Amino acid sequence: DAKTTQPNSMESNEEEPVHLPCNHSTISGTDYIHWYRQLPSQGPEYVIHGLTSNVNNRMASLAIAEDRKSSTLILHRATLRDAAVYYCITQGGSEKLVFGKGTKLTVNP
Amino acid sequence: GAGVSQSPSNKVTEKGKDVELRCDPISGHTALYWYRQRLGQGLEFLIYFQGNSAPDKSGLPSDRFSAERTGESVSTLTIQRTQQEDSAVYLCASSPLASVYGYTFGSGTRLTVV
């Protein structure tokens, strides 16, 4: 079973920032936090991952709470192409990657 | 190759036939996963290979499903005596090291059992 909790859906307007929350209250100290997204009719795509510190890459930013029990994926300026299902996953060691239901993001023009 | 390659991209088979799906991971990637995604559903874990360790087969839905991987290279997922409920997209992903690096997914094999 997935060890994270995400809202089922969120909406955003084009060109506006989007903050996608994720709760992982049972995370252990060595578990990484991964975010993937799946665009319609495509396989999942890696977005970003982190352990303790906030992370930035060309796609998004990941803000990790100090106690690591939650994190937020930040899309700085949503585009129509960002409409997808976003998955937050915690994984440690050699554990398998388990996907939950994710958050379906709708971007309005 | 530059990415994870899966073949065939589409497969239509008759109920009761066996099918073999292939995954070519990125060279050097030690971890490899198979997932199944039925239409409109989430990703369902099937099996996980990590280096030379025994594979985690806990997600295989029945004994009709099996998978093999030769070292750190190609993996094949075999479904015997296919049923209509096996119709789905089968996705493969690989990673150089579990949990530290992101996984790269292939485009999947769309299996239709008629």
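The values are calculated or read from the model by the stated rules, or taken from the named source; none is laboratory data. The model shown is predicted, which means the values in this text are computed figures rather than measured ones. Positions of Cβ are backbone-derived with ideal geometry, glycine not excepted, and every protein chain shown enters the neighbour counts.
Among the numbered criteria (1) within 23 Å of B:Ala93 (Cα to Cα); (2) at pLDDT 95 or above, which single criterion is violated by A:Ile64?
Condition (1) is where A:Ile64 drops out.
Give me the pairs, please: first residue somewhere in the stretch B:1-22 and over 19 Å from B:Ile47 (Cβ atoms), second residue anywhere and of a type in the set (S, T, N, Q) and in a strand (DSSP E or B), beta-carbon distance under 9 Å, and either six or more positions apart or on two chains.
Sorted first by the residue in the stretch B:1-22, then by its partner, the pairs are B:Gly3/B:Thr104; B:Pro8/B:Thr109; B:Ser9/B:Thr109; B:Asn10/B:Thr109; B:Asn10/B:Thr112; B:Val12/B:Thr112; B:Thr13/B:Thr112.
Tell me, which strands (runs of 3 or more DSSP E) wholly within the stretch B:30-114 include 2 or more residues that are in contact (Cβ under 8 Å) with a residue 12 or more places away in the chain, within 9 Å of chain A (Cβ to nearest Cβ) and surrounded by fewer than 19 Cβ atoms within 10 Å (Cβ to Cβ)?
Strands (runs of 3 or more DSSP E) meeting the threshold: B:44-50.
Identify the residue in the stretch A:5-43 that is within 11 Å of another protein chain (Cβ to nearest Cβ), assigned to a strand (DSSP E or B) and of a type in the set (Ser, Thr, Tyr) and, among all such residues, is surrounded by the fewest Cβ atoms within 10 Å (Cβ to Cβ).
The qualifying residue surrounded by the fewest Cβ atoms within 10 Å (Cβ to Cβ) is A:Tyr32.
Of all residues in the stretch B:9-29, which are farther than 17 Å from B:Phe65 by Cα and not in a strand (DSSP E or B)?
B:Ser9, B:Pro25, B:Ile26, B:Ser27, B:Gly28, B:His29
Can you find, within the stretch A:68-109, the residue that is farthest from A:Asn8 (Cα to Cα) among those that are in contact with a helix residue (DSSP H, G or I) (Cβ under 8 Å, 6 or more places away or on another chain) and crowded, with 17+ Cβ neighbours inside 10 Å?
For the stretch A:68-109, the residue satisfying everything is A:Leu75.
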